[in-house]
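Heads up: the structure comes next, in structure tokens.
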Amino acid sequence: MDEREEMQRLLAALRTGDPAAAAEFYRRYGPVVRAAVRRELHHRLRTRFDSLDFVQDVWASFLALPADRYTFASPQALLGFLARVAQNKVIEAFRRRFRTQKNDIARERAEPRDGGTDEPPAPTPSPSQWAVAGEAWERLLKNVPPGHRVIVERLREGHTYEDIARMTNVSVSTVNRIVRRLKDLTGL
């Protein structure tokens, strides 16, 4: 049996509602429909729609067609038809979402948060993250000589090397050397 006859047999079985024929039909021609959808799907629509939504629309439209209305001379003609239906489905959604004021994606704005700003809130550490950081800090302090702890604590508070040098009565190069040794010691 050649490709054309096999396609006609599958189409006839599909029209009678044979689930095995539907599975085989989808296995053979589904990847082409999916590729056509993905090729046409605008990047701003990808956040709103899954390509499988369009694939399902294509199959629903194809199965709703009257059997005598469309005939296909070859599997390539059928694939071309399915690809064109997929393209039309995506174009229709694009027009609906970009060309009409009611559904225009470009007009969508995020609703301001509690503080009245569109910016997302700054991430705050969870209690477990605070606990892990505290444990890491304690391990670090165990490896720091007592004379250097004040420098490390000032660094943790956010002071600059110059400020720390002034507060501890040492030179900036000493602060820099101590920090370098700590980095070597801890592997940071």
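With the condition kept exactly as written, say whether any residue in the range 144-153 is in a loop (DSSP other than H, G, I, E, B) and either among the small types (Gly, Ala, Ser) or at pLDDT below 85 (or both). Yes; the residues of the range 144-153 include at least one that is in a loop (DSSP other than H, G, I, E, B) and either among the small types (Gly, Ala, Ser) or at pLDDT below 85 (or both).
Between 160, 117, the distinction of being modelled with pLDDT under 80 and not hydrophobic (A, V, I, L, M, F, W, C) belongs to 117 only.
The set of residues in the range 1-48 that are crowded, with 16+ Cβ neighbours inside 10 Å and not in a helix (DSSP H, G or I) comprises 41, 45. Among the residues of the range 171-185 satisfying the criterion of being free of Cβ contacts under 8 Å to residues at least 12 places away in the same chain, of a type outside the set (Lys, Arg) and surrounded by 11 or more Cβ atoms within 10 Å (Cβ to Cβ), which is nearest to residue 136 (Cα to Cα)? Of everything passing the filter in the range 171-185, 174 is nearest to residue 136 (Cα to Cα). Could you check the range 39-70 and list, in sequence order, the residues that are within 28 Å of residue 5 (Cβ to Cβ) and touching a helix residue (DSSP H, G or I) at 6+ places or on another chain (Cβ under 9 Å)? Correct list: 55, 58, 59, 61, 62, 63, 67, 70.
Here residue 97 fits the description: out of contact with any strand residue (DSSP E or B) (no Cβ under 8 Å at 6 or more places or on another chain), of a type in the set (Lys, Arg), farther than 24 Å from residue 17 by Cβ and modelled with pLDDT under 85.
Residues in the range 69-101 that are farther than 16 Å from residue 49 by Cβ, surrounded by 15 or more Cβ atoms within 10 Å (Cβ to Cβ) and among the basic types (Lys, Arg): there are none.
When the range 124-153 is examined, which residues are found to be loosely packed, with under 11 Cβ neighbours inside 10 Å, of a type in the set (Lys, Arg) and over 41 Å from the mean Cα position of the chain (by Cα)? Once the filter is applied, which keeps residues that are loosely packed, with under 11 Cβ neighbours inside 10 Å, of a type in the set (Lys, Arg) and over 41 Å from the mean Cα position of the chain (by Cα), the range 124-153 yields only 142. How about the range 49-68: which of its residues are outside any loop (DSSP other than H, G, I, E, B) and surrounded by 15 or more Cβ atoms within 10 Å (Cβ to Cβ)? 51, 54, 55, 57, 58, 59, 62, listed by residue number.
The values are calculated or read from the model by the stated rules, or taken from the named source; none is laboratory data. Given the structure is predicted, the values throughout are model-derived calculations rather than measurements. Here the Cβ is made from the backbone with ideal geometry for all residues, glycine too, and neighbour counts use every protein chain on show.
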